[in-house]
Structure formats: structure tokens, C-alpha cells
1. Between the DSSP loop rule and a limit of at most 14 other Cβ atoms within 10 Å, which GluC sites (Glu not before Pro) in the stretch 180-238 are left?
2. May I ask you to give the percent of accessible area on the chain that is carbon plus sulfur, with a probe radius of 1.4 Å?
3. On a 0 to 90 degree scale, rounded to 10, what angle separates helix 108-123 from the longest Cα axis of the chain?
4. Would you mind checking the tilt of helix 40-50 against the longest principal axis of the Cα atoms of the chain, expressed as 0 to 90 degrees and rounded to 10?
5. Give a quick list of GluC sites (Glu not before Pro) in the stretch 79-125 that DSSP marks as loop, anything other than H, G, I, E or B, with at most 12 other Cβ atoms within 10 Å.
6. Can you pull out the GluC sites (Glu not before Pro) in the stretch 1-57 whose DSSP state is coil and whose Cβ has at most 15 other Cβ atoms within 10 Å?
7. Kindly state, as a whole number, the per residue volume in cubic angstrom of the convex hull around the alpha carbon atoms of the stretch 8-230.
8. Could you compute the longest span of the chain free of chymotrypsin sites (Phe, Trp or Tyr not before Pro) located in DSSP loops and having at most 15 other Cβ atoms within 10 Å, not counting the site residues?
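The values are calculated or read from the model by the stated rules, or taken from the named source; none is laboratory data. In this text, all values refer to a predicted model and were calculated from it rather than measured experimentally. Please note: Cβ atoms are built from the backbone with ideal geometry, for glycine as well, and neighbour counts cover all protein chains shown. Just so you know, the surface numbers come from the protein's heavy atoms only, side chains and all, with ligands and any DNA or RNA stripped out. Shrake-Rupley method; radii C 1.70, N 1.55, O 1.52, S 1.80 Å.
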Amino acid sequence: MPLTNETVAVVTGASSGIGEACVRALRANDVIVHALARRSDRVDRLADETGCIPHTFDVRDRDAVADLGATVPADVLINNAGLGRAMGSLWTAELDDIERTVDTNVTAAILMIRALVPGMVERRQGHLVNISSTMAVYPGGAALYGATKGAIHKLSRDLRLELKGTGVRVSEINPGRVATEFYDVAIDDAAERAKATDHGITELSPGDVADSILHVLNAPRHVSINQLELTPTEQVYGGYAFAPIWSD
Ligand code: NDP
């Protein structure tokens, strides 16, 4: 349903990147926005600048998520909080990195759905926007991260079927490379991070992704944009690799 000044939206991962850009874009359209992340200084500043309502807790916190669901009658949920650790090395990953990535990208996203979607169903309107990735569907050499986004891809498709007849729409957004703090969080070693990020292309901006999400949200009620993939023009997927077996 097109956005109005009575629409209530919840955005997770609002302290930087895509989430912050979504908050700004929604507030520019007078939507009532609940913005959630852990870094309170960032979220409070965003609230001062945009008039969004700040929430600072860890999206993996079951009780805090349930409280949010019980108190905020959301029409829109942008399930965006996420990260990628152990990019390129699932088979040698630290167990903490595995747990943090799966718990944030998958379990917490499900907790948010469980907390907020029942109210949407009751009101016979709502829009769930899951931020997935191109890596959900194409091999990107980051098996752990890809698996979590693949889960969001499948979850979005199945949930759409579970929600049939309720008036609640489910949209999956699959961005390619976006210029955010993602790789600062993903890779600790500066030289390794530089290898992953010094590619000389013009990446998507967080605002580019937020513009697409607003387009999805503003579609007339009878139109469900189920999946939207956007990449930098200079980024393409596909191809194959030949790799001789290492010798010692
Ligand atoms: P950023 O690192 O800039 O933003 C991530 C956001 O998630 C931050 O606001 C962070 O806030 C929040 N977050 C992380 N963990 C938690 C947590 N446990 N509880 C609450 N909030 C949390 O990265 P992006 O903007 O790039 O990432 C947003 C989404 O987009 C992610 O799901 C990512 O996988 C996806 N994506 C990113 C792409 C890219 O190239 N950048 C491409 C495709 C998809 P805080 O630390 O303050 O809690």
C-alpha cells in the first residue's frame, strides 16, 4: 500500500548503510519510522536529524524483539540488520563468527517476523521487506554469508505462500556491492579488507538501495514486487573457475 504519514515502519540495522538510508528516505516521505540498532549514539543522532523513533538493542535479544512487536503496530518491516564474517573461509571459520553471522542474519530476522507480522495479519495489511543479497542466489565465494542470505531467499518465498490471503506482502531485495561499513565489520585485517574492496568500480550507494525499496513499498496494494535484484553496472555474476589441485 502506498506510504502515507500514517504508515508505521520498523527498520533494523538503522545506524549505518542501507538501514540508515531507508530511515532517511522513509522520513522524507513523512512515514513514522522506528529505527533499531545497537549503537545508541548513531541512532540518537539519526533521530535528531530525521524525527525517527530510536530503539537501541541487539536484534538477537528475544525479549527486546518481542516487546517491540507488542508495542509497535508496524505496517512495514525492513529486515535489514546483518553482517558477514568469515567471508571466503567457512571451513576454517571461528565458531563465534559462524554463530554471530547465522544468529544475526537468519535467527534474528525470523524473530522480527515472528514479533511484527501477526499484527499485520490481524490488520489485513502489511509489507515485509527482507534484505537478502545477490549472494543468496549466485556463488560469491562466501559460503557462510551466502547460506544465511540463501535462507532469507527461501524464507521469503515460503512465507509469501504462508501469508496468502492476508494482504501482507513479502519482498526480497538482492543488492550487489553497496558502499557501506559492511566490509569494515566483515574483515578485521586491513590488507585483506583492501583486497576485497579496492576494485575500482562505482558501487551502489545506500541511497540507491533505499530508492528501490521505496519503489517496492509504494506499489499499489494489488501489486507485489516479490524480488528485486540490483547491482552496480560494473559488477556481474557468472562464469566458472579452473583450479588445479594444490601440491605440497
Ligand atoms: P552496515 O555494516 O553499514 O550496516 C549493518 C547494520 O546492521 C548496522 O546498522 C548495524 O548496527 C546493524 N546490526 C548488525 N548486527 C546487529 C545486531 N546484532 N543487532 C542490531 N543491529 C545490528 O552494512 P550494510 O548496510 O551493507 O548491511 C545491511 C544489510 O544489507 C545486511 O543484511 C547485509 O547483509 C546486506 N547487504 C549488503 C551488501 C553490501 O555490499 N554492503 C550487499 C547485499 C546485501 P549496530 O552495529 O549499531 O548494531
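1. Filter output for the stretch 180-238: 181, 234.
2. Result for the chain: 52 percent of the exposed heavy-atom area is carbon or sulfur.
3. 30
4. Tilt of helix 40-50: around 50 degrees.
5. Filter output for the stretch 79-125: 94.
6. Within the stretch 1-57, the qualifying GluC sites (Glu not before Pro) (loop, at most 15 other Cβ atoms within 10 Å) are 6.
7. Residue-normalised Cα hull volume stands at 120 Å³.
8. After excluding every exposed loop site, the longest remaining stretch is 58-236.
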